[in-house]
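The values are calculated or read from the model by the stated rules, or taken from the named source; none is laboratory data. Since this is a predicted model, take the numbers as computed values, not measurements. In this analysis, Cβ positions are derived from the backbone assuming ideal geometry, glycine residues included, and neighbour counts consider all displayed protein chains.
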Amino acid sequence: MSGRRDAARAAPPQRAASRGELLLKGGRIVDPRAGIDARLDLRLEDGCVAEVGERLAAREHARVIDCSGKVVVPGLIDAHVHLREPGREDEETIESGSLAALAGGFTSVLAMPNTDPVTDSQAAVGFIRAQAARAGHAHVYPIAAATRGSLGSEMSEIGDLVAAGAVAITDDGRPIADAGVMRRILEYSRIFDVPVVQHCEDLALTDGGVMHEGRISTRLGLKGIPAASEEVVVARDLILAELTGAHYHVAHLSTARSAELVAEAKRRGVRVTAEVTPHHLVLTEEAADGYDTQAKMNPPLRSGRDVEALREALAAGTLDIVATDHAPHHYDEKEREFDFAPFGILGLETAFGLLHTELVLAGRIGLADLIERMSPAPARIFHLAGGGLEVGQVADVTVLDLEREWTVEPEAFLSKSRNTPFGGRQLVGRAWMTIVDGQVAWRLDRDPAVADEPRHAASAAGRRSATARQGKVRSPASAHAREGAAR
Ligand SMILES: [Zn+2]
Ligand SMILES: [Zn+2]
């Protein structure tokens with residue numbers, strides 16, 4: 001067992017270790033943490049990585065998967081998703097969202113607390129874990145509310161929430177606006193060693209804005225959200241993070257100046273990490289031209305200059321991770337006028353294809369660096385198992401087909417929602433197989449090289465079989481389930 005795995009505090013809790021062996025033959029293994037980029041075989045046994053090496057022999061009952069022409073990477077981790085359960089199960093559920101995650105190559109997702117009710121109690125954290133265990137798709141780690149009801153005034157019981165399984169705290173959806181409250185939260189977060197994730201927005205500066213304040217907003221006659229709305233909060237919080245020594249994490253960083261502030265704070269040794277979304281890396285404010293509500297998100301799509309700076313900051317490592325801010329919304333709600341449509345788009349099922357097509361193939365970031373920002377880095381920041389393929393590590397693995405050309409078809413999404421500005425876009429590169437705890441949890445093709453049926457295939461059939469694994473729930477999760485059901 002590697003030391004890194006011991007360091008992972010939040011082991012995936014939701015299922016019993018799988019038995020049996022999977023042998024992934026002939027793939028190109030890209031494991032940034034181990035510095036491996038080579039054609040090797042990978043043996044997974046009883047839910048763990050058992051062996052990495054050349055020409056491994058298949059044992060008697062092993063399932064052998066031919067990965068020639070594919071790229072084998074540690075399972076991708078999305079540190080920022082909205083699963084809408086409880087409260088808006090018509091838009092997404094923990095079951096549908098964690099299945100959509102698998103289809104995007106994600107073996108773990110971190111669920112934001114702005115549900116109804118808000119995830120601000122041990123019972124609410126337990127409910128998410130229990131629902132994820134019942135679904136049996138990707139691992140789901142709850143992020144709990146930093147203040148009661150995410151109302152911004154009274155600090156939540158951070159210790160209790162962490163004890164129940166929360167891996168970070170945030171009031172995402174809205175900022176922790178009060179500097180005194182933020183200081184206290186940062187101080188307490190140190191005791192429990194969890195990052196404080198901030199949605200950086202000064203609501204007084206946003207003042208009802210609906211898109212980036214600039215040339216396009218002026219032309220469209222829409223109220224703008226200035227870049228300063230984000231930057232003043234980043235600047236303030238970096239000072240508070242330095243004061244308290246806490247780990248501060250910037251959610252969905254979107255402007256050039258925010259990236260400069262983070263880079264400067266990192267140089268001074270402030271414990272700050274930052275994430276950027278795929279859409280802020282590939283779209284500009286121009287996407288909202290024509291009042292397209294699919295391009296309405298918060299923070300808004302920024303200027304071309306900002307996008308260029310974000311791409312550079314991601315390649316340089318100033319921006320530590322890519323996270324999608326997957327935000328499902330009902331069709332009717334996105335159909336409203338621009339001013340009244342909700343903010344947010346889906347992210348899970350398009351993230352890798354977009355980033356591979358627009359950044360890797362364009363020479364803006366190397367594949368290993370992109371994988372680093374989508375697996376080892378989020379594992380490190382949030383103290384999660386996974387993020388590497390060391391022997392003894394949890395067998396969460398994504399197999400990518402980098403040559404696969406495909407068209408984004410929102411109707412085919414496994415998410416319950418369809419709100420994406422990327423419908424019809426041609427992409428190159430896609431998850432081909434997603435392995436969770438040593439079991440094939442999802443795959444793109446029905447490949448005869450794979451002996452058994454996976455738990456879920458890339459079709460509606462996968463959805464129907466989705467509840468078939470309820471028997472795998474371990475007793476601690478069942479206890480949480482009872483707790484959750486009693487609410
Ligand atoms: Zn946010
Ligand atoms: Zn969010």
*Collect the residues in the stretch 141-158 that are within 14 Å of ligand 2 (Cβ to nearest atom) and either at positive phi or more than 20 Å from the chain's Cα centre (by Cα) (or both), keeping them in residue-number order.*
SER150
*May I ask you to list the residues in the stretch 274-313 that are in contact with a strand residue (DSSP E or B) (Cβ under 8 Å, 6 or more places away or on another chain), within 16 Å of ligand 2 (Cβ to nearest atom) and not in a helix (DSSP H, G or I)?*
ALA274, GLU275, VAL276, THR277, LYS296, ASN298, PRO299, PRO300, LEU301
*asked:* With the structure loaded, tell me whether LEU161 is within 16 Å of ligand 2 (Cβ to nearest atom), at negative phi and either crowded, with 23+ Cβ neighbours inside 10 Å or at pLDDT 95 or above (or both) or whether it fails that test.
replied: no
_Check on ARG418, assigned to a loop (DSSP other than H, G, I, E, B), surrounded by fewer than 22 Cβ atoms within 10 Å (Cβ to Cβ), modelled with pLDDT of 95 or more and not β-branched (Val, Ile, Thr)_ = yes
*Go through the stretch 190-205 residue by residue and tally those that are touching a residue at least 40 places away in the same chain (Cβ under 8 Å) and either buried (at least 18 other Cβ atoms within 10 Å of the Cβ) or not in a helix (DSSP H, G or I) (or both).*
9
*Go through the stretch 57-139 and tell me which strands (runs of 3 or more DSSP E), entirely inside it, have 2 or more residues that are crowded, with 24+ Cβ neighbours inside 10 Å.*
71-74, 76-81, 106-111
*Would you mind finding the one in ARG43, ARG39, ARG19 that is in contact with an Asp or Glu (Cβ under 9 Å, 6 or more places away or on another chain), closer than 20 Å to TRP442 by Cα, assigned to a strand (DSSP E or B) and free of Cβ contacts under 8 Å to residues at least 40 places away in the same chain?*
ARG43
*Out of all the residues in the stretch 332-347, is one or more crowded, with 21+ Cβ neighbours inside 10 Å, of a type in the set (A, V, I, L, M), on the phi < 0 side of the Ramachandran plot and touching a Leu at 6+ places or on another chain (Cβ under 8 Å)?*
no
*Go over the candidates HIS80, HIS61 one by one and state the one that is out of contact with any Phe, Trp or Tyr (no Cβ under 9 Å at 6 or more places or on another chain) and within 16 Å of ligand 2 (Cβ to nearest atom).*
HIS80
